[in-house]
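Just below is one structure, and these are the notes that go with it.
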Amino acid sequence: MEKQRTLVIFGADGDLSKRLLLPGLAQLLHYDGDRGVKLIGVGMSEFSAEEWSDRLHDAVGDGLKRFEQDSRYERMDATDADALGHLLKDIDGPATYYFAVPPAVAFAACEALATLDMAPGSVLALEKPFGTDFDEAKRFNALLATFPKGVDAFRVDHFLGKTIVLSLIGLRLANRMMESVWNAGEIEKVEIVFDETLALEGRAGYYDKAGALRDMIQSHLLQVLALIGMEPPETLDYHDLHGRMAEVLEATRVWGSNAAESGRRARYTAGDLDSRHLPDYAAEKGVDPDRQTETLAEVTLQINTERWHGVPFVLRSGKALGQAHKQIIVHFRESERLPRGFSGKTGPRTLRMGIDTTTIALDLLVNDSDNALTLTVAELETTVGEGKLGAYGEVLAGLLDADPLLSVSGRAAEACWRIVTPVLEAWADGEVPLDTYPAGSAGPSEWTAITDEGTG
């Protein structure tokens, strides 16, 4: 029997919907033939039925006629309680409401929805960032708590839908040898890096108000840190898993409690990248140079638990860099005693896990085939299954089934803002310089470059 669910996308006329949500939904429907979705797109743009059909076709291609047949578009203000009331009356039963809109619009829309009668089983899906600072996140959580029981809020983080990120749990906890070294006694440093070759790409309206720290580190990379640093949960039930993740985030602070020294920021200038010339970020259309928005951010954090005492966690993300580096790098400590007589390679080794790829690689020191007393590096590499669905397909499946596993808890959302707030305040006060780097380069010359082997 076909499973039918109504999906309402607020901001259906925006970039996120066209580039990620609609293709993710099409992928989900392709692989789950028994699933039925009635799609209602909501936005402020004037779309005729033909223009909406063209937008769907551009996003999902051919072959999903039922996708178009069960879809319509409505022009309306998502913050207007009267308009929302008419929309709800037209929906039979519970629905999933996806807010692909800025945080302020999502908050105002939820304020309006809180005054209306929503069907039990309905889901409010809130895109990152959840609020724009700690106080707003706390206020948003308080608002969501006013909805009646049976109306759930899922704070979406598509990073939790990435196969490799979920594989972290299995790799670490299903292997006794791995869990036995997953602590400060054996691990020297952890890096979580998401450097992109993509530049602004016409997203100034959102990005120039956010910057790399809010856009990537606060929203995504801290969730990866939580999976790496958490204590083993009893089950993979939402409450067990996300309770453990929230505990880690609540124990996380800037390194040495010094926000000015634990964070760095930079912005790209004009340069050449992938055979195209990029202008200075400050000259990009829609950018306000006075905002001092960073396009590259790095923070060093500490987790104040017995397991991780003294281990720096370095989180970094940037745009318009010459090479993409999207990986988790675990640096193991160097062997405490190496017998005299060996020569060649020495030093700590690493475990590297791709965030946008399914590669896991562990490098080890082994004896060289030509000389048994010479040490060399051997890399053990494997890939994990990609799964049928991409990140947004996985997230949408959870939303439509009202399964919160791939969402972020309210505790975690507030903790993430608390972690980065001291850094943001130090930057706003001018305590940390805004470095620069040419587009297409590896970053500021004074920063340690990220390589395939990690840093250090």
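Below are the figures for this structure:
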read-out	value
Carbon/sulfur fraction of accessible area - segment 249-288, other protein chains in place, 1.4 Å, %	45
Rounded accessible area of Asp429 (nearest 10 Å², 1.4 Å probe)	110
Portion, in percent, of the accessible area of segment 103-178 that falls on carbon or sulfur, probe 1.4 Å	57
Residue-averaged [θ]222 nm for the chain, counting only DSSP H segments that reach four residues, each worth -39500 (n - 2.57)	-8500 deg cm²/dmol
Solvent exposure of the chain as accessible area per residue, Å², 1.4 Å probe	45
DSSP-defined antiparallel bridges as percent of all bridges, segment 238-349, nearest 5	95
For segment 274-352 and segment 173-187, distance of Cα centres in Å	22
Low-density loop positions, trypsin sites (Lys or Arg not before Pro), segment 148-179 - DSSP coil, at most 13 other Cβ in 10 Å	Lys149
Per-residue ³J(HN,Hα) for segment 349-366, Karplus 6.51 cos²θ - 1.76 cosθ + 1.60, θ = phi - 60°, Hz, x for Gly and Pro	10, 10, 10, 10, 10, x, 8, 9, 10, 9, 8, 10, 9, 10, 9, 10, 8, 9
Rg(Cα)/(2.2 N^0.38 Å) for the chain, N = residue count	1.04
Heavy-atom accessible area order for His220, His309, largest first, 1.4 Å probe	His309, His220
Loop GluC sites (Glu not before Pro), segment 342-410, which have at most 14 other Cβ atoms in a 10 Å radius of their Cβ (DSSP)	Glu386
Accessible surface of segment 307-347, 1.4 Å probe, proportion on carbon and sulfur as whole %	44
Solvent accessible area, Å² - Lys189, 1.4 Å probe, full protein context	50
Where GluC sites (Glu not before Pro) fall in DSSP loop in segment 252-342, at most 10 other Cβ within 10 Å	Glu306, Glu336
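The values are calculated or read from the model by the stated rules, or taken from the named source; none is laboratory data. Model, not experiment: these values are computed from the prediction. With ideal geometry, Cβ positions are generated from the backbone for all residues, glycine too; neighbour counts draw on all protein chains shown. Note: areas computed on protein heavy atoms with side chains; ligands, DNA, RNA excluded. Shrake-Rupley method; radii C 1.70, N 1.55, O 1.52, S 1.80 Å.
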